[in-house]
């Protein structure tokens, strides 16, 4: 595995940088930004806009978008990127261990056909279970919680997504360009869930999820109405079966409400108020 000489990791905190101090390791540039902080004078922007801005702050060949609630050693991130570089991938990610379980390579993009199949056969139906000794596995898309992007080929997040589905979208566009998207099964990162009954923004998150799904449906060729109905079936059905975790149950309720009432205010409206109604 050849070493990567140019790698930057970007972490966006929200409100306060109350997470642990960023790690440091030779050869890895760590970039941070605190979103929506009145003391620092930073505005509230969406996931894609913040990470695009961080990408402009570096000349690194690889950029890794890393959520502050993801725990992974920078040495493992470097190992992930080196494997991706050797495999000729444009986008890569690790296995994510979360309250939902460990995610493998994703077969199919999120949307009506995948959701309806998951409803019938189970949520893991379209995820590869075995690495079969491969260094990198083909994956239709990678979670933005820990996503390595070849910065030098011009891939950027679509800023029309405020939160959710910008990761599927960038992977879709990479695939349309004939670029490789892959998962590194040798690297595992721990990802906490953002869904909680104590979250004051819980219901707004559900609205943003449904909006992101609808926008991505337009990109990937699924009808808006079909996407909404499939979302109601997929996530609504989870409310009538025993949830594996509280996070799963809470997310299902919030997302179902979002698909049922997508015109309710979401995170974008709250951000607009915070920013003094500045256009995003």
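Just to be sure I understand: of the beta bridges DSSP finds with both ends in the chain, what percent are antiparallel, rounded to 5?
45 percent
Tell me, 161, 13, 63 in order of fewest to most beta-carbon neighbours within 10 Å?
Ascending Cβ contact count within 10 Å gives the list 13, 161, 63.
Simple spin-label model, 7 Å along Cα-to-Cβ: residue 14 to residue 239 in nm?
Roughly 2.2 nm, to one decimal.
With percent of Cα pairs over 22 Å apart defined as stated, name the option among [x] 66; [y] 61; [z] 57 computed from the structure displayed.
[z]
Sum -39500 (n - 2.57) across every DSSP H segment of at least 4 residues in the chain, then divide by the residue count to get the 222 nm mean residue ellipticity, nearest 500.
For the chain, the value works out to -11000 deg cm²/dmol.
Once you place label points 7 Å from the Cα toward the Cβ at residue 153 and residue 40, how far apart are they in nm?
3.1 nm
Any idea how far the Cα center of region 176-197 sits from the one of region 61-123, in Å?
Spelled out, the Cα-based centre of one part sits 2 Å from the other.
Suppose the chain between residue 200 and residue 173 were pulled fully straight at 0.36 nm per residue; how much longer would it get relative to their current alpha carbon spacing?
Result: 6.4 nm gained on full extension.
What ranking do 233, 11 get, fewest neighbouring Cβ atoms within 10 angstrom at the top?
Least to most surrounded, the residues fall as 233, 11.
What's the ranking of 167-180, 185-198 by average number of surrounding C-beta atoms within 10 Å, highest first?
Going from most to least packed, we get 167-180, 185-198.
Using alpha-carbon pairs under 8 Å, 6+ residues apart, how would you state the relative contact order of region 7-191 in percent?
About 29 percent, as a whole number.
Any read-out appearing in this document is the output of simple, stated calculations on the displayed coordinates, not a laboratory observation. Given the structure is predicted, the values throughout are model-derived calculations rather than measurements. Neighbour counts are summed over all protein chains in view; Cβ atoms, including those assigned to glycine, are modelled from backbone coordinates with ideal geometry.
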